[in-house]
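Only one structure is covered here, and it is reproduced in the block below.
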Amino acid sequence: MQQMQQIPDVIKLIPLNFYVLFSSALFCIGIVGVLTRRNAIIIFMSVELMLNAVNLLLAAFSSYRADPSGQIFVFFIMAVAAAEVAVGLAIIVMIYRNIQTIDVGILNKLKW
Amino acid sequence: MNSIIALSLFGIANLFLGFLNNRKILLPATLAFVLVALGLNLADWNQEYLWFNNMLRTNNLSVNFASVILVATFLVVAVSRGFGDDEEHTHPAEYYAIMLFSVVGAIMMVTFENLIMLFVGLEILSVSMYILTGTDKRNLRSNEAALKYFLMGAFATGILLFGIALIYGATGSFNIHGIEALVLTAAGGSAPALLYIGIVMVIIGLLFKVSAAPFHFWTPDVYEGAPAIFTAFMSTVVKTAGFAALFRLLGGAFTGVYGTWIYILYFLTMLTLIIGNITAVYQQSFKRMLAYSSISHAGYLMLTATAKVAHTQSSILFYSLAYSVATISAFAVLMVVAETKESNAEKTNENFDIFNGLAKNNPLLAFVLTVSMLSLAGIPLTAGFWGKFFIFSDAFQRGIVVPLVVAVLMSAVGIYYYFKAIISAYFKEGDVPAIELKPIYKITLIVTTLLTIVLGIAPDLVKSIF
């Protein structure tokens, strides 16, 4: 219990700016992944990376402000991301069954 | 508020109704469920409540938006006709249940008081729509549309969430009235850069969902690939809910730092109007044209959503209602004509020429199509005209001249491509056999057409309520 109460203090050993920069870097890596990769699963992983960057940022802000609502939001994001994964993987499996590939470059039946 | 709880239960009930080997009962049951939800929703009229520890707020604004959403849902369900008789490949109970669940998400987006609820509502709506887009499992276009919608939607959610996290970092609150107060004090000059970046990212995330340019790239593909009935649902319910959320944020929480986002939004409004209308001119496919038309209507709505003045909310509501009713009847005509041609083993492509010669054997369908096209184009004596009129006069009163001029010019462009459908129906040679309409289908089409005309003659019937 005592250790639990120390966690915010441990987090505060690192300045808040570092968390913001780190999360932003992770988020940008996710965006670049979404924009450049062709494999649907990798794109999907990049989206998850973006969501986890958000989770980290929320947890850091929440500790610094001693306000639990940020961490509650993290739970919501995790639960919703899990639901999204279920639907997303189902869509990818459905496509794989039809065309035996998940390369998004093949999917050009509809012109942009 | 009870409508959210009721709709969740009704959705589960619908799943169980699927066990009965009787498809006929699903459609009336779903219609009854939506009507009950509409009644529960209207019971909150003239009361201001906070629910679930300040998570949701119901007031007249939210009741109005939720009513528009529920009316649109009712009309879409009424024209769905039980999803055909293909026993093996369609699952109507699940489709109706997912539609009801997605309406729960839409109502949460309208009533949210806390950004957590905005996010959860948006995701309930979006995840349901990903599933519905991909329901035509054997059709590669539907598959592709589902994947594109899913990847783009998840990407947009990531951007929205990062924005919410930054706003939380700057203000320490998820409550939109808390944020509003903190933003107002911060606007004095000491606001951290995090706040501005966060606000812009939240706006981008929501603009993705309402398909405003330059975040519209997914829209034509998804609208074209998805089954027509779900496209109709997507372009009405999702758009109304998205604009309600955008309006509540821009008109409430973010008003303090008006100056940072207003010019970005003016620019994006003009871009949306120009891209939506000009690209729609070049479309061969009627469905794709309606997708670009929905982008351009997002532009008109953005013109009002940017500020909270006395009449703004009623203009947005009236426009959403007029647009939803007209779009649903256009899609209904398209669906019934495409299905008839398909059952005659003709090649169908949902292009404009599908309507060639429609008026000869099906005067009612041609008339319904004409009225909906006139309404979307904004010709007088239809609801769409008053929708545009209210929006333009609001914009004029607020003195935003340049976007207004662009909007007026672009609505003139719009007349060209909407009239292409009318010309096909009345003046082109072609052969559409006389179509036998089911009573509920016929009634729905007559109701939507009458609604469009009545609101076009007497807009105050509804406008005074909003």
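The values are calculated or read from the model by the stated rules, or taken from the named source; none is laboratory data. A quick note: this is a predicted structure, and the numbers were derived from the prediction, not measured. Ideal geometry is used to build each Cβ from the backbone, glycine not excepted, and the neighbour counts take in all protein chains shown. Keep in mind that these areas ignore ligands, DNA and RNA; they rest on the heavy atoms of the full protein, side chains included. Shrake-Rupley method; radii C 1.70, N 1.55, O 1.52, S 1.80 Å.
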Do we have B:L50 as touching a residue at least 40 places away in the same chain (Cβ under 8 Å), surrounded by 13 or more Cβ atoms within 10 Å (Cβ to Cβ) and out of contact with any helix residue (DSSP H, G or I) (no Cβ under 9 Å at 6 or more places or on another chain) here? yes
Select from region B:293-314 the residues that are at pLDDT below 90 and in a helix (DSSP H, G or I) and list them in ascending order. B:L303, B:T304, B:A305, B:T312, B:Q313, B:S314
Under 7 Å by Cβ, and 6 or more places apart or on different chains, what pairs join a residue from region A:61-81 that is farther than 16 Å from B:M117 by Cα and more than 9 Å from chain B (Cβ to nearest Cβ) with one that is buried (at least 16 other Cβ atoms within 10 Å of the Cβ) and small (G, A, S)? A:P68/A:S62
Checking A:S46 against (1) within 11 Å of chain B (Cβ to nearest Cβ); (2) open to solvent by 70 Å² or more (accessible area, probe 1.4 Å); (3) more than 20 Å from B:A170 (Cβ to Cβ), which test does it fail? (2)
Against the definition (in contact with a Phe, Trp or Tyr (Cβ under 8 Å, 6 or more places away or on another chain) and touching a residue at least 12 places away in the same chain (Cβ under 8 Å)), how does B:V68 come out, yes or no? no
Which of the residues that make up region B:128-144 are more than 30 Å from A:L58 (Cα to Cα) and either more than 7 Å from chain A (Cβ to nearest Cβ) or not in a helix (DSSP H, G or I) (or both)? B:L132, B:T133, B:G134, B:T135, B:D136, B:K137, B:R138, B:N139, B:S142
Of A:I31, A:I95, A:I91, A:I11, the only residue that is facing another protein chain (nearest Cβ under 9 Å) and touching a residue at least 40 places away in the same chain (Cβ under 8 Å) is A:I95
Of all residues in region B:319-341, which are closer than 18 Å to B:S293 by Cα and either of a type in the set (D, E, K, R) or surrounded by fewer than 23 Cβ atoms within 10 Å (Cβ to Cβ) (or both)? B:L334, B:M335
State yes or no: is A:R38 within 10 Å of chain B (Cβ to nearest Cβ) and open to solvent by 40 Å² or more (accessible area, probe 1.4 Å)? no
Over region B:218-229, the set of residues within 14 Å of chain A (Cβ to nearest Cβ) and either in a helix (DSSP H, G or I) or free of Cβ contacts under 8 Å to residues at least 24 places away in the same chain (or both) is B:W218, B:T219, B:P220, B:D221, B:V222, B:Y223, B:E224, B:G225
Any chance region B:382-392 includes a residue that's assigned to a loop (DSSP other than H, G, I, E, B), at pLDDT 90 or above and more than 20 Å from B:H311 (Cβ to Cβ)? yes
Using beta carbons and a limit of 6 Å, which pairs, at least six apart or on different chains, have the first residue in region B:149-175 and over 20 Å from B:A291 (Cβ atoms) and more than 7 Å from chain A (Cβ to nearest Cβ) and the second one part of a helix (DSSP H, G or I) and open to solvent by 10 Å² or more (accessible area, probe 1.4 Å)? B:I159/B:M201; B:I159/B:I204; B:G163/B:M201; B:L166/B:L194; B:L166/B:I197; B:A170/B:L194; B:T171/B:L182
Is it the case that some residue within region B:159-178 is open to solvent by 20 Å² or more (accessible area, probe 1.4 Å) and in contact with a strand residue (DSSP E or B) (Cβ under 7 Å, 6 or more places away or on another chain)? yes
Under 6 Å between Cβ atoms, at least 6 apart or on separate chains: pull out the pairs that start in region B:341-358 with a residue that is modelled with pLDDT under 80 and end on any residue that is among the small types (G, A, S). B:T348/B:A338; B:E350/B:S285; B:E350/B:A338
Can you tell me which residue within region B:203-217, out of those that are more than 18 Å from B:G105 (Cβ to Cβ) and without any contact (Cβ under 8 Å) to a residue 60 or more places away in the chain, is farthest from the other protein chains (Cβ to nearest Cβ)? B:F215
